[in-house]
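Peer 1: After the structure tokens below, expect a handful of questions from me.
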Amino acid sequence: MATTPEQLFAALDALGIPHQTVKHPPLFTVEQSQALRGQIPGGHTKNLFLRDKKYELYLVVALEDAEIDLKGLHRQLGATGRFSFGASDLLREVCGVEPGAVTPFGAINDTEGRVTVVLDAAMMEHETLNYHPLVNTMTTSIARDDLVKFLESTGHIPRIEHVSGRAPDAP
């Protein structure tokens, strides 16, 4: 049974992690989020649920306007073969969320540690970050360091990598 937003909030509270949540109509795309989010401060994000050719799973989390080279990302992250998007059924099974509500908070449902969480270094420059709390009818704000603390509490040590724009060592 997937974790509810209320259970997620209780887990954050138990970890001593401050969070603030705003309710809103369902949002399925970055464009909808930009139009309806109002004045929620901090970095707004997108989340890519990916799998490689050996079905290793990755959750890549970046700023909403980040340009990510999906054709070359597998090399950068050491994956096997090019990435493709993980199927909706796999997303539900592993992260306990529906398409349109992909979030690093879904790590709470990945009790087998199947997903490698990758946080874009540019996103991590923001003090406050915003994610869906397992459903796309709310947005939860959390400090970047507290996001890492939360992920670690679920057994997911996030990789903080430059995945948006030109790689730092690229010509």
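All of the numbers you see were taken from the coordinates with simple rules; none came from a lab. Predicted model only: the values in this text are computed from it and were never measured. Ideal geometry is used to build each Cβ from the backbone, glycine not excepted, and the neighbour counts take in all protein chains shown.
Peer 1: Suppose each label sits 7 Å from its Cα in the direction of the beta carbon; what would the Glu67-Ala14 distance come out to in nanometres?
Peer 2: Roughly 4.3 nm, to one decimal.
Peer 1: Among Phe105, His132, Gly86, whose Cα projects farthest towards the positive end of the dipole of the chain, with charges put on the beta-carbon of Lys, Arg (+1) and Asp, Glu (-1)?
Peer 2: Positive-most Cα among the choices belongs to Gly86.
Peer 1: Another question, then. Could you work out the pair-distance distribution P(r) of region 77-164 from its alpha-carbon pairs, with 10 angstrom bin width and percents rounded to whole numbers?
Peer 2: Result, from short to long distances: 16, 47, 34, 2 percent.
Peer 1: If you don't mind, there's one more thing I want to ask. For region 93-160, calculate the relative contact order in percent as a whole number, restricting contacts to Cα pairs under 8 Å that are 6 or more residues apart. The partial results should precede the final answer.
Peer 2: Values: 96 pairs, mean separation 25.3, N = 68.
In percent, rounded to a whole number, it is 37.
Peer 1: Something else about it: In percent, what relative contact order does the chain have, based on Cα pairs under 8 Å that are 6 or more apart in sequence? Don't skip to the answer; put the middle values down first.
Peer 2: Numbers: 316 pairs, mean separation 49.5, N = 171.
Relative contact order for the chain comes out at 29 percent.
Peer 1: Related question: Filter the GluC sites (Glu not before Pro) in region 38-123 down to the DSSP loop ones having no more than 12 other Cβ atoms within 10 Å, then list what survives.
Peer 2: Numbers: sites: Glu56, Glu64, Glu67, Glu93, Glu112; in loops: Glu56, Glu64, Glu67, Glu112.
When the GluC sites (Glu not before Pro) of region 38-123 are filtered for loop state and at most 12 Cβ neighbours within 10 Å, Glu67, Glu112 remain.
Peer 1: Still on this structure, I have one more. Of the candidates His132, His74, His24, which one comes out as most mobile in a Gaussian network treatment of the chain with C-alpha springs shorter than 10 Å?
Peer 2: His24
Peer 1: At 222 nm, what helix-only mean residue ellipticity would the chain give, in deg cm²/dmol to the nearest 500, using -39500 (n - 2.57) for each DSSP H run of four or more? Present the calculation step by step, with values, prior to reporting the outcome.
Peer 2: On the way: 5 runs with 43 residues, N = 171.
Helix contribution divided over all residues of the chain: -7000 deg cm²/dmol.
Peer 1: Additional query: Using only C-alpha atoms and all pairs of different ones, pull out the Kirkwood radius for the chain in Å with one decimal. Write down the numbers at each step before the final one.
Peer 2: Values: mean 1/r = 0.0622 Å⁻¹.
Kirkwood hydrodynamic radius for the chain: 16.1 Å.
Peer 1: Now for a separate question. Who wins for biggest fluctuation among Val117, Val22, Val135 in a Gaussian network model of the chain, springs between alpha carbons below 10 Å?
Peer 2: Sorting by GNM fluctuation, first place goes to Val22.
Peer 1: To continue, here is another question. If the only charges are +1 at each Lys and Arg Cβ and -1 at each Asp and Glu Cβ, what is the size of the charge dipole of the chain around the Cα centre, to the nearest 20 debye? Walk me through the numbers on the way to the answer.
Peer 2: On the way: 15 positive and 22 negative charges, 78 e Å.
Magnitude of the dipole: close to 380 debye.
Peer 1: Moving on to the next point. Listing Leu134, Leu57 from the residue with the fewest other Cβ atoms within 10 Å to the one with the most, what is the order? Don't skip to the answer; put the middle values down first.
Peer 2: Working: Leu134 26, Leu57 20.
Going from least to most buried by this count: Leu57, Leu134.
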